[in-house]
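Just below is one structure, and these are the notes that go with it.
The values are calculated or read from the model by the stated rules, or taken from the named source; none is laboratory data. Everything numeric in this text was worked out from a predicted model, so none of it was measured. Note that each Cβ is placed from the backbone with ideal geometry, even for glycine, and that neighbours are counted across all protein chains shown. Remember, those area values only see protein heavy atoms, side chains included, never the ligands or the DNA or RNA. Shrake-Rupley method; radii C 1.70, N 1.55, O 1.52, S 1.80 Å.
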Amino acid sequence: MAKRPALRELADRAGIVATYRPVRGASPRATTDGTRERLLAAMGHDASTEKRARRALQLLDERDAERLVAPARILVDDVAAARNLPVRTRFERGTRVEWRIEAHGAEEAPRTHSGRTRVGSTGCLRLPMPQLPALGDFDLHLTLEVNGALHTARQRLACCPSRCHEVDEAAAPGLGVLVNLFALRSRSDWGVGDLGALAELVRRAPRWGCDFVGSSPLHATRNRGDDVSPYSPISRQFRNECYLDVEAIPELRECAAARRRIAAPGFRARIAKLRASERVDWDGVRRAKRSVLNELHRHFATRHRGTRSARGRAYASFLAEAGGQLRDFGTYLAIAEQQTRAGRTADWRRWPAMMRRPDTVAVERFRAQHAETVDLHCWIQFELERQLAAAARRAKRAKLALGLYGDLAIGSDPGGFDAWSAPELHASDVRVGAPPDDFSADGQDWGFPPLIPNALAERGFRDWTRLLRTNMDSLGMLRLDHAMGLERLWWIPAGRPASEGAYVRYPARELIALLALESRRQQVVIVGEDLGTVPRGFAARLARHGILSMRVLPFERSGSGFKRPESISRRALVLSTNHDLPPLAGYLSGRDLELRERAGALPEPARARLERASEAAALRRRLRLPAAAVEPGALAHAALQWLRATPAPLVGMPLEDFVEARDPVNLPGVPQSRHASWTQRVATPVEELDAQPAFRRLQRESAGKAATGSPSSSPR
C-alpha cells in the first residue's frame, strides 16, 4: 500500500501525472512524493503531511458541495445540453424553489427565463434555459428564492464547435514568408523592424505568389538587457511599443514639437546609427521612440482625448473595450519604470509588499498620482492595435488569402505583468520546461511560471479566452507555441533540476473547445507547434479539431538522411527552418556551431562539426544541391521546391532563408550575456527584396501563372 495515499489522491486531482516516458520505448519514470508536495504547494495546497493532504481534499469537497453551479460549462456540438442548466442544491427533497436565469451574450441581447419547481430526489435541478444560438459565449446569472432567502450564482456557458476554422475554408491556401519583426530592415526604420515595415512586406508579398506573411510574437518585453526575447515577454496580452512606426502616428502631422525633435541633427544622427547597426539596440530604440512618443501623447491628450474628434472617439471606444486589464498594464509599466529609475528592479516580486498586486490601495493611489504616465502606455497600445489593423487591411487589399500569421508564446516572465495582474492564476516557485530526453540529457528549464489548471477552471477559462481574442485580432492564422501545453506541461519546482519535475495535466477538452470557438468567430486558422517531446497521438488529436501540426525540414530525418517530401503530413504547416534553428545556409555551413563554440556552449566541437558535416551532406543530397558552392538563390529555390513537393496545405520560409542569411536569430540555452540572441537583423531592406535572386524567381513564376490563368496562390 502506498505510504502517502492522500498526497497521491490530491496530486491526481490537481493533475500531477504519476509517471511519464522520456522518449518512445523508454521505461516509465515515476514522479516522487517530494515533487508532488512542492508542486501542490505551488498550487496553494499544503500536503506536507498526510493529515494536511486529507484536510486539503476535504476543503475541495466542501467547496464543490457549496456550489449551485460549476464556474464554467463548456459544451461541444451539443445543442441539447444547452437547453437546461444543471443546479446542485443543498435543499431538502420537495423544497419549493423560485428561479430566474439571465443569459448575457457579448453580441446578444440579454435573455431571461424564470419559473417555479421543487427539488427532486437527487438534490439537483435541471432548469430550462432561454433559447440560445447553437454557438456562442454567455454569462448566466442564476437566482433562487427558497423560503424567502435569495441564493445567487454565476456560470460561464460556452457552446463551441468541435473544429477550428480550417485552411480549406479560407480563400486559397499556399505559401508564406515569415519574419522576426525586429529583424526586418527598412530604409525608414529607427533601428528595429516595425509595423510600417511589416505593412510594406505585406504590400510586396503578392508579387512573390505569397498567401500570408507571418511574424514571431509581438508581445510586450522590457526591451533592455536580457529581457528582449519575444518568447519570454512581460505580457502575452499586450504588444511591444518598439514595433510602433512612430512616423505613421497621426498626431505627428499636428505636433510641431515632435517634428522638431525628429528633425534635430543630433536626433537624426542617433536614428541613423541605430538603423545602420547589424543588431538591434533594444534599449537605444526604446529610448529614442519614447522621447517622441511622450511629445505625441501630450499633444493627443490636449487635442483629442475626451473630445468628439475621430481619434478621441476611437480611443474612448478602445479603452471601453479593453477594460481594466489595459489600465492595469499601464499601471504596471509606470510602477516598473519608477522602480527602475530609483535603482531598484522592474520585477514586481521585489517591489514593496503593498505594490505586488493591482488591487491594493497603494496601487490605486499610485495610479491616480501618475495618471498621465498610465494613459501614455494605454495610448501606445491603442496605436499599436491601429497600425497592426492597418497592416491587416493592406493584406486584404493585396488579396493575401490568409493575411497575417501571428504567434502566441507558451508563457511569460514571472516578474512581468501577466503574473502581477493575476498571481492566483500563476504557480509560484515553479518553472515550465522539458524533461530529460534525447535532445537534452539534463532536461530544459524555460524560466516562466505555468498557469494553474484548476485556477483556469475556477475563473471560468475567461483568461484563456481573453488571451486568444487579443492575439487573434487582425490575423488570419495563429501559431500556438508548444501546443502540447493544451494537454500537459512539465513543471519544475524552484531550485530543483529539470529532471525532478513532473507533467501536469491541463483541461484539454475545454481549452481546445474555446480555441475552436474563437477561431470560428474570427476566422483564424490555428497551427499547433508540436515539436520535441510529444504525447503519443497528439498530432492526430490536433487534426481531429482542425488544428494544423508543424513540420520543419531539418527535423524531418529518416535514418542518416532526410525524408522524401511526399512522406510529410498533409495536416501541417511545413517550414524550411524556425527561430530555434539557424537559417539553412547557416545550418549547412555550421555557422551556429561556430557561434556556440565562441560562446562556450559547445562541449565537443570536433564531434559536433563532424556530425553536422554528415547532416549537411545528406540535406544537400535531398535538396539536390552540389557539394560545392552554388549560385545565389539556389539554396532558397531548392528548399522551396522540397516544401512545395510535400502534400501539406501550407508552406513557409523565413525571410532569412529567402535571402540565404547565415546567422541565427537565437541560440537556445545560451545566456544573452554570451550571445546576443533576438538582435540579429536581416541585411537587405524590405524595399530591396524584389532584387534578391529568390524573390526574382518567385516573381517570374507568379507572373507566368498569371499569364496562363493559373492560380498564383497554389503552393504546388
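Taken across the range 463-474, residues that are crowded, with 21+ Cβ neighbours inside 10 Å and among the aliphatic types (A, V, I, L, M) do occur, with at least one present.
For the structure I just gave you, tell me whether ARG459 is open to solvent by 20 Å² or more (accessible area, probe 1.4 Å), basic (Lys, Arg), in contact (Cβ under 8 Å) with a residue 12 or more places away in the chain and out of contact with any helix residue (DSSP H, G or I) (no Cβ under 6 Å at 6 or more places or on another chain). Answer is yes for this residue. Restricted to the range 398-495, the set of strands (runs of 3 or more DSSP E) holding at least 3 residues that are more than 17 Å from ALA42 (Cα to Cα) comprises 403-408, 477-480. Considering the range 75-122, and only residues there that are in contact with a strand residue (DSSP E or B) (Cβ under 7 Å, 6 or more places away or on another chain) and of a type in the set (Gly, Ala, Ser), the residue that is farthest from LEU514 (Cα to Cα) turns out to be GLY94. Filtering the range 674-703 to residues that are open to solvent by 40 Å² or more (accessible area, probe 1.4 Å), within 28 Å of the chain's Cα centre (by Cα) and within 23 Å of ALA205 (Cβ to Cβ) leaves only ALA683. Enumerate the pairs (first residue in the range 47-67 and open to solvent by 90 Å² or more (accessible area, probe 1.4 Å); second residue anywhere and part of a helix (DSSP H, G or I)) with beta-carbon separation below 6 Å, excluding pairs fewer than 6 apart on the same chain, so at least 6 apart or on different chains. Note: pairs meeting the criteria are ARG54/ALA6. Pairing residues of the range 378-394 that are open to solvent by 20 Å² or more (accessible area, probe 1.4 Å) and part of a helix (DSSP H, G or I) with residues that are among the β-branched types (Val, Ile, Thr) and modelled with pLDDT of 95 or more, at Cβ distances under 6 Å and at least 6 apart in sequence or on separate chains, gives ARG394/VAL202. If you go through the range 402-440 and pick out every residue that is surrounded by fewer than 20 Cβ atoms within 10 Å (Cβ to Cβ) and over 30 Å from ARG21 (Cβ atoms), you end up with 3.
Is it the case that ARG268 is of a type in the set (Lys, Arg), open to solvent by 40 Å² or more (accessible area, probe 1.4 Å) and under 32 Å from the mean Cα position of the chain (by Cα)? Before the answer, list the steps.
Working: of a type in the set (Lys, Arg): yes; open to solvent by 40 Å² or more (accessible area, probe 1.4 Å): yes; under 32 Å from the mean Cα position of the chain (by Cα): no.
Judged against the criteria, ARG268 is not a match.
Report yes if PHE366 is surrounded by fewer than 21 Cβ atoms within 10 Å (Cβ to Cβ) and of a type in the set (Phe, Trp, Tyr), otherwise no. Here the answer is yes, as PHE366 does meet what is asked.
Filtering the range 615-630 to residues that are more than 23 Å from PHE695 (Cα to Cα) and open to solvent by 70 Å² or more (accessible area, probe 1.4 Å) leaves ARG621, ALA627.
So which residues in the range 80-101 are free of Cβ contacts under 8 Å to residues at least 40 places away in the same chain and within 16 Å of ARG154 (Cβ to Cβ), if there are any at all?
Filtering the range 80-101 for residues free of Cβ contacts under 8 Å to residues at least 40 places away in the same chain gives 80-81, 88, 90, 92-94.
Residue satisfying the conditions is ARG88 alone.
Listed here are the residues, each with its yes/no results for (1) open to solvent by 50 Å² or more (accessible area, probe 1.4 Å); (2) closer than 25 Å to GLY559 by Cβ; (3) in contact with a Cys (Cβ under 8 Å, 6 or more places away or on another chain).
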| residue | (1), (2), (3) |
| --- | --- |
| ALA599 | no, no, no |
| PRO632 | yes, no, no |
| ALA638 | no, yes, no |
| ARG644 | no, yes, no |
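Checking each residue in the range 496-517 for being of a type in the set (Phe, Trp, Tyr) and either open to solvent by less than 10 Å² (accessible area, probe 1.4 Å) or assigned to a strand (DSSP E or B) (or both) picks out only TYR503. It is to be established whether one or more residues within the range 46-57 are closer than 27 Å to LEU514 by Cα and β-branched (Val, Ile, Thr). No - not one qualifying residue is present in the range 46-57. Anything in the range 661-673 that is open to solvent by 50 Å² or more (accessible area, probe 1.4 Å) and modelled with pLDDT of 95 or more? List them, or say none. Answer for the range 661-673, where residues must be open to solvent by 50 Å² or more (accessible area, probe 1.4 Å) and modelled with pLDDT of 95 or more: just ARG662. If the condition is being in contact with a strand residue (DSSP E or B) (Cβ under 9 Å, 6 or more places away or on another chain) and either open to solvent by 50 Å² or more (accessible area, probe 1.4 Å) or within 18 Å of ASN471 (Cβ to Cβ) (or both), then the range 523-539 contributes VAL524, VAL525, ILE526, VAL527, GLY528, GLU529, GLY532.
Matching residues to (1) without any contact (Cβ under 8 Å) to a residue 12 or more places away in the chain; (2) open to solvent by 30 Å² or more (accessible area, probe 1.4 Å); (3) under 30 Å from GLU656 (Cα atoms); (4) among the hydroxyl-bearing types (Ser, Thr, Tyr):
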residue	(1), (2), (3), (4)
GLU241	no, no, yes, no
ALA256	yes, yes, no, no
ARG260	yes, yes, no, no
ALA276	yes, yes, yes, no
ASP283	no, yes, yes, no
GLU295	no, yes, no, no
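Of all residues in the range 329-363, those satisfying the criterion of being open to solvent by less than 50 Å² (accessible area, probe 1.4 Å) and small (Gly, Ala, Ser) are GLY330, ALA334, ALA336, ALA346, ALA362.
Do we find that ARG544 is more than 26 Å from ALA455 (Cβ to Cβ) and either at pLDDT 95 or above or of a type in the set (A, V, I, L, M, F, W, C) (or both) in this structure? Considered against the rule, which asks whether it is more than 26 Å from ALA455 (Cβ to Cβ) and either at pLDDT 95 or above or of a type in the set (A, V, I, L, M, F, W, C) (or both), ARG544 comes out as yes. Is it the case that ARG311 is among the charged types (D, E, K, R), more than 20 Å from GLU295 (Cα to Cα) and out of contact with any Cys (no Cβ under 7 Å at 6 or more places or on another chain)? Here the answer is no, as ARG311 does not meet what is asked.
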